[in-house]
Amino acid sequence: MPYLGSEDTVRELRRALSNPNIQSDQLRYRNTILKVIRAMSQGVDVSGLFSEMVKACATVDIVQKKLVYVFLCSYATLNPELSLLVINTLRKDCQDPNPMVRSLALRNMTNLRLPSLVEYVEQPLTAGLRDRAACVRRVAVLGWAKLRNLQTSSEIDATVVNELYSLLRDPDPVVMVNCLRALEEILKEEGGVAINKPITHHLLNRLKECDIWGQCEVLRILQRYRPQSEDELFDILSLLDASLVSPHPPVMAATLSLFLSLCSGLPAISLAALERVRGPLLAACGSASRETRFTALCHIQLLLRSLPGLMGAHYKRFFCGYAEPAYIKQRKMQVLVELVNDENVAMLLDELRGYCTDVNTDTAHAAISAIGRIGRSYSDKCLEILTGLLGLKQEHITSAVVQTMRDLVWVCPQCSDTVCLAVEGCEELLQDSQGRQALLWLLGVYGERVSSAPYTLEVFIDGVRSEASLGVKMELLTATMRLFLCRPAETQDMLGRLLHYCIEEETDMCVRDQALLYYRLLHCGIEETRKVLQGRRSDPSLGVLIGRPAEPISQWACSFNTLEPLSAIQCADSSTDVLASSVTAPISLSLSPALSPEEFEQEEDYMCMQEHVQCPAIPHCSPQSLQAAMQLVNIQTLAFTPPHTLPWRVYLYTHTQHTHSADTPHSTLILGELLGEDKQMKEGEEGVKVTLKQQPRDEKALKGFLSILTTVLHTLSSESS
């Protein structure tokens with residue numbers, strides 16, 4: 001919003017710019033123009049001075065020219081007619097003997113961004129491509145990319161494209177890199193600049209002449225090239241060897257990304273490349289820039305998915321510093337969890353225990369959660385630490401510990417006895433809803449082992465009218481029902497009071513409907529209620545969980561040196577890590593937008609695919625398990641037949657987001673049918689016939705979806721058998 005009094009300011013500036021005495025004094029005239037620019041930067045609308053500023057650009061003073069051009073480029077779109085007056089001056093400056101003036105005129109001629117001026121700009125830009133000064137050629141090359149943005153519907157001038165391709169061999173490395181950027185923009189619809197063998201080797205040989213970001217640009221574009229022979233591949237890798245250990249993290253990351261792209265069929269070389277970048281990555285983790293440190297940590301997590309022991313000997317480098325921001329501390333703790341082994345577990349747990357009392361509550365919660373994740377493999381040591389943290393009697397620590405214990409016993413039922421003893425008496429310190437929900441879940445599932453469980457639930461039930469959290473109320477209903485099934489005498493009265501309140505007085509429909517469900521379920525009998533609320537539990541005699549298996553490098557190589565590792569949400573605390581990580585693919589699935597009847601019935605222009613998946617136990621698994629597994633990877637089940645029904649069918653669909661190139665994502669709809677045929681089951685060849693239909697056609701995305709679906713079916717089959 002312009003400042004108050006801007007009209008008076010503009011009036012005074014116009015008077016000064018038109019004053020002949022000021023115009024005759026070069027220094028005073030420049031200072032007046034500087035005042036105009038200062039007012040513009042402060043929000044004052046000075047567009048009314050456009051005609052005066054047009055006159056001011058006719059000067060030999062380069063500083064004054066720069067100031068005037070800043071003004072003209074800012075307000076040219078508001079004054080397209082008056083902008084024509086600037087063109088003559090700019091075209092004249094394009095022929096100035098000073099190369100700095102020529103480059104300045106070319107840059108601002110294209111920065112005016114007016115389609116009506118394109119015809120006046122093309123000739124100076126063409127001449128600029130052949131200028132003897134490198135600084136002019138740099139500007140002229142990028143100027144053609146700006147013109148392409150102004151005229152997206154016009155045809156590409158083949159002469160200009162050929163000229164830009166020839167400038168890839170320009171002696172100035174900046175001109176060469178600018179040509180790559182311009183060709184990428186101009187040929188965007190054709191897939192970008194075409195990379196062949198001569199261009200590839202020329203760019204690689206001149207790589208060291210470029211600056212840091214120029215090298216990154218060259219390395220990114222070279223990922224499109226595929227060597228024609230193994231000898232050529234190793235020649236390219238030899239040229240890239242020095243850049244792989246570059247002291248500049250961006251160059252190192254871009255080189256490693258190119259290595260992984262070229263060596264997708266040579267896993268041994270990819271592993272060797274990952275070993276070589278260990279030093280530069282560790283150095284980046286100690287960078288003075290917080291952004292660089294965070295980025296390095298995110299990419300190290302990617303590497304650990306394929307090489308869990310890559311950083312094992314350097315785990316101390318990931319200890320948190322006192323002054324580090326919380327987001328770096330939390331990421332470091334995630335890395336430390338991946339590096340735990342028998343030799344360092346004691347030291348890592350001792351370090352994480354120190355973080356549990358951090359003044360930042362988010363950091364403390366992350367540390368407690370990290371200890372819980374380590375507890376999946378070293379449960380005794382971790383439970384000892386978690387139990388000790390409960391003795392601190394601090395609200396946020398107690399809440400985080402209870403939530404961590406709930407997650408731990410979910411995947412490690414052998415810890416349940418210790419957890420049941422530890423959580424007794426901690427309900428008074430739980431003030432947040434997440435901690436209370438975790439405690440209620442523990443009391444509902446393991447209430448028969450907690451002597452004070454009925455009395456704790458009674459306190460919650462007595463205060464249910466003042467409870468503000470919907471989640472706590474619903475968890476309280478479920479916990480009381482479960483405790484009633486194992487300790488009916490102590491729970492019957494309080495369950496009746498809770499159901500009466502939730503059905504008769506509760507205003508939230510979700511809580512009321514859940515209470516009605518449980519009330520009607522009790523009318524069906526205790527055994528029926530027990531089947532619903534007390535399903536099959538994990539065997540407490542199960543051993544500790546092992547780490548997740550190493551993933552192929554190709555599974556994450558395409559996301560290396562992109563923003564994806566920085567924005568990915570870590571699902572470390574989920575019990576479905578293995579399944580989620582095993583179905584990673586270069587496509588993303590989405591449940592939305594919802595499938596309309598018209599889309600489902602439409603048959604034309606579908607691409608079809610049929611496969612037979614060997615998964616014997618799938619037709620016998622429960623519909624709920626199948627639906628939950630499909631939901632995990634964003635596949636929506638439309639309908640399914642009851643288990644043991646022949647023939648067995650499931651109908652499903654999803655939307656895929658698949659990227660053909662860096663800038664052109666495509667969305668497709670996939671419909672699927674899973675069929676377990678009676679004939680196959682009788683012959684002992686149990687499996688599922690998968691029929692997929694897709695629109696619009698995208699064979700790569702369809703194959704990626706089939707790979708994800710197959711992984712889910714095999715995982716379910718192995719769990720059910």
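The values are calculated or read from the model by the stated rules, or taken from the named source; none is laboratory data. Since we're looking at a predicted model, the values are computed, not measured. Neighbour counts are summed over all protein chains in view; Cβ atoms, including those assigned to glycine, are modelled from backbone coordinates with ideal geometry. Side chains are part of the model used for accessible areas, which takes the heavy atoms of the whole protein and leaves out ligands, DNA and RNA. Shrake-Rupley method; radii C 1.70, N 1.55, O 1.52, S 1.80 Å.
One line per residue, one yes/no per condition, for (1) open to solvent by less than 40 Å² (accessible area, probe 1.4 Å); (2) modelled with pLDDT of 90 or more; (3) under 25 Å from Cys94 (Cα atoms); (4) of a type in the set (A, V, I, L, M):
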{"position": "Tyr3", "(1), (2), (3), (4)": "no, no, no, no"}
{"position": "Ala16", "(1), (2), (3), (4)": "yes, yes, no, yes"}
{"position": "Gln23", "(1), (2), (3), (4)": "no, no, yes, no"}
{"position": "Val44", "(1), (2), (3), (4)": "yes, no, no, yes"}
{"position": "Phe50", "(1), (2), (3), (4)": "yes, no, yes, no"}
{"position": "Asp61", "(1), (2), (3), (4)": "yes, no, yes, no"}
{"position": "Leu67", "(1), (2), (3), (4)": "yes, yes, yes, yes"}
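The requirement of being surrounded by 17 or more Cβ atoms within 10 Å (Cβ to Cβ), within 17 Å of Leu483 (Cβ to Cβ) and touching a Gly at 6+ places or on another chain (Cβ under 6 Å) is satisfied by Ala453. Of all residues in the range 475-526, those satisfying the criterion of being basic (Lys, Arg), over 19 Å from Leu439 (Cβ atoms) and in contact with a helix residue (DSSP H, G or I) (Cβ under 8 Å, 6 or more places away or on another chain) are Arg497, Arg512. Within the range 441-456, being in contact (Cβ under 8 Å) with a residue 24 or more places away in the chain and out of contact with any helix residue (DSSP H, G or I) (no Cβ under 6 Å at 6 or more places or on another chain) holds for Val445, Ser451, Ser452. Screening Cys412 with (1) in contact (Cβ under 8 Å) with a residue 60 or more places away in the chain; (2) under 21 Å from Cys502 (Cβ atoms) gives one miss only, at (2). How many of the residues in the range 147-184 are modelled with pLDDT under 90 and charged (D, E, K, R)? Counting residues in the range 147-184 that are modelled with pLDDT under 90 and charged (D, E, K, R) gives 3.
The residues of the range 210-226 that are farther than 21 Å from Ser264 by Cβ, open to solvent by 20 Å² or more (accessible area, probe 1.4 Å) and assigned to a helix (DSSP H, G or I), listed by number, are Ile212, Trp213, Gln215, Glu217. The sole residue among Leu203, Leu164, Leu187, Leu207 that is buried (at least 18 other Cβ atoms within 10 Å of the Cβ) and either more than 23 Å from Ser229 (Cβ to Cβ) or among the charged types (D, E, K, R) (or both) is Leu164.
If you go through the range 145-196 and keep only what is among the polar types (S, T, N, Q) and in contact with a Pro (Cβ under 9 Å, 6 or more places away or on another chain), you end up with just Gln151. Do the conditions hold for Gln434, that is, is it within 23 Å of Ala479 (Cβ to Cβ), under 27 Å from the mean Cα position of the chain (by Cα) and either surrounded by fewer than 20 Cβ atoms within 10 Å (Cβ to Cβ) or at pLDDT below 90 (or both)? Yes: the conditions hold for Gln434.
Inspection of the range 127-137 identifies no residue that is touching a residue at least 60 places away in the same chain (Cβ under 8 Å) and buried (at least 16 other Cβ atoms within 10 Å of the Cβ). Taking the conditions (1) in contact with a Gly (Cβ under 8 Å, 6 or more places away or on another chain); (2) surrounded by 18 or more Cβ atoms within 10 Å (Cβ to Cβ) in turn, Val245 satisfies each one other than (2).
Between a first residue in the range 427-440 that is of a type in the set (A, V, I, L, M, F, W, C) and a second residue that is open to solvent by 60 Å² or more (accessible area, probe 1.4 Å), which pairs have beta carbons less than 8 Å apart while being 6 or more apart in sequence or on different chains? Filtered contacts from the range 427-440: Leu429/Lys393; Leu429/Gln394; Leu429/Glu395; Leu430/Glu395. Condition test on Val445, is it out of contact with any Ser or Thr (no Cβ under 7 Å at 6 or more places or on another chain), among the β-branched types (Val, Ile, Thr), modelled with pLDDT of 90 or more and closer than 21 Å to Ile503 by Cβ? So Val445 fails the test. Of all residues in the range 25-41, those satisfying the criterion of being farther than 17 Å from Ala76 by Cα and open to solvent by 90 Å² or more (accessible area, probe 1.4 Å) are Gln26, Leu27, Arg28, Lys35, Arg38. Quick check on Arg406: is it in contact (Cβ under 8 Å) with a residue 60 or more places away in the chain, outside the structural domain of Val472 (by the TED database), closer than 30 Å to Met481 by Cα and among the basic types (Lys, Arg)? It is false that Arg406 is in contact (Cβ under 8 Å) with a residue 60 or more places away in the chain, outside the structural domain of Val472 (by the TED database), closer than 30 Å to Met481 by Cα and among the basic types (Lys, Arg). Condition (residue is open to solvent by less than 40 Å² (accessible area, probe 1.4 Å) and under 19 Å from Leu442 (Cβ atoms)) applied to the range 504-525: is it met by at least one residue? Within the range 504-525, not a single residue is open to solvent by less than 40 Å² (accessible area, probe 1.4 Å) and under 19 Å from Leu442 (Cβ atoms).
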